[in-house]
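What follows is one structure encoded as structure tokens, with my remarks underneath.
The values are calculated or read from the model by the stated rules, or taken from the named source; none is laboratory data. All figures in this text were calculated on a predicted structure; none of them were measured in a lab. Every residue, glycine as well, gets a Cβ built from its backbone with ideal geometry; the counts of neighbours run over all protein chains shown. Keep in mind that these areas ignore ligands, DNA and RNA; they rest on the heavy atoms of the full protein, side chains included. Shrake-Rupley method; radii C 1.70, N 1.55, O 1.52, S 1.80 Å.
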Amino acid sequence: MTYTKYSASGNDFVIFHTLIKKDYSQDAINLCNRTEGIGADGLIVIVPSETADFEWLFYNSDGSDAAMCGNGTRAVAHYAYNNGLAPSNMKFLTEAGFIQSIVDGNIVETQMTKPIVIKEEFEQEGLTWYLIDTGVPHLVTIVNDLDKYDHDLCAKMRYEHNANVNFAKIEDEKIFVRTYERGVEGETLACGTGMVACFLRANALGLVDSKSFIYPKSKEELTVSIRDGELFFKGAVKKVFVTEI
């Protein structure tokens, strides 16, 4: 089998395409292992679709599946276009619904799914939280210092609310984010749906306008914007290497 490793703002994925739709959870565990495999935050498998350019099967590094992954959509779109599986302006199917992506060189913009507010503002552990689904559920708290990010606190909140956990700081209408991800069970260098969740919270509070630059732990610059009521997430992706196993 031929596998390709991608990085989207530090969020890394192993990607391959096949005609066979089945459970690849064990493959995800093996391939995403950072000491005995390729090493990645997730595995993306592209399979044929009758209603879109393709369908993806997405797995976290622990083998669990996820309905949506913002950085993953950008990586898989670049892979699909460069492997002749889809046009530069494509539509593909995820568990969260259809996703539109546009590839322009190494820059990919994805139209995100409609957000759903799960729980309005509430207090817990001395912080103010907001729970929103941007493809997967995300807890968001806005802080004045990202060093307030705490692994044990995130793990506790993650299991109590079954959601990813985001700490966001707003500075000069720019958003800086640290994210604890389910399935990885730790902090990742970037989380697309998490960055979008932080943007929506900041926008609702009037801290940023309808377009904002956003920076995950990897420090790469991305943009999140609202245009005609739709959400868009844009940034660079990188094909790291191709290998055969």
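Worth pointing out:
- Three principal axis extents describe the C-alpha atoms of segment 92-226; from largest down they are 43, 35, 26 Å.
- Accessible area per residue, Å², the chain with all protein chains present, probe 1.4 Å: 44
- Relative contact order, percent, segment 51-190 [alpha-carbon distance under 8 Å, six or more residues apart]: 17
- Those GluC sites (Glu not before Pro) in segment 1-82 that DSSP places in a loop and that have at most 12 other beta carbons within 10 Å: 36, 50
- Computed per residue of the chain from DSSP H runs no shorter than four, each worth -39500 (n - 2.57), the mean residue ellipticity at 222 nm is -5500 deg cm²/dmol.
- Normalising the Debye intensity of segment 16-59 to I(0), with uniform scatterers on Cα atoms only, and taking log10 at q = 0.17, 0.28 Å⁻¹ returns -0.48, -0.95.
- Euclidean distance of C-alpha centroids, segment 83-122 and segment 52-76, integer Å: 10
- Put simply, the Cα atoms of segment 166-245 extend 49, 27, 21 Å along their principal axes, the longest span coming first.
- Cα coordinate range in the chain, projected on the principal axes (Å, largest first): 49, 40, 28
- The chain - share of DSSP beta bridges that are antiparallel (%, nearest 5): 80
- Based on Cα contacts under 8 Å between residues 6+ apart, the chain shows a relative contact order of 20 percent.
- Alpha-carbon Rg with Dmax, taken over segment 57-103, Å: 10.8, 31
- Panel values: segment 1-96, Kirkwood radius from alpha carbon pairs, Stokes-Einstein at 20 °C and 1.002 mPa s, translational diffusion coefficient 164 µm²/s.
- Comparing mean-square fluctuations of 211, 22, 169 from a GNM of the chain with C-alpha springs under 10 Å, the top value falls on 22.
- Relative contact order [Cα under 8 Å, 6+ residues apart], segment 1-86, whole percent: 27
- Residue with peak Gaussian network fluctuation, the chain [Cα springs, cutoff 10 Å], from 23, 53, 62: 23
- Of all DSSP-defined beta bridges confined to segment 1-104, some 70% are antiparallel rather than parallel.
- Top of 126, 206, 63 by mean-square fluctuation, Gaussian network on the chain, Cα under 10 Å: 126
- Gain upon complete extension [residue 160, residue 33; 0.36 nm per residue less C-alpha separation]: 43.1 nm
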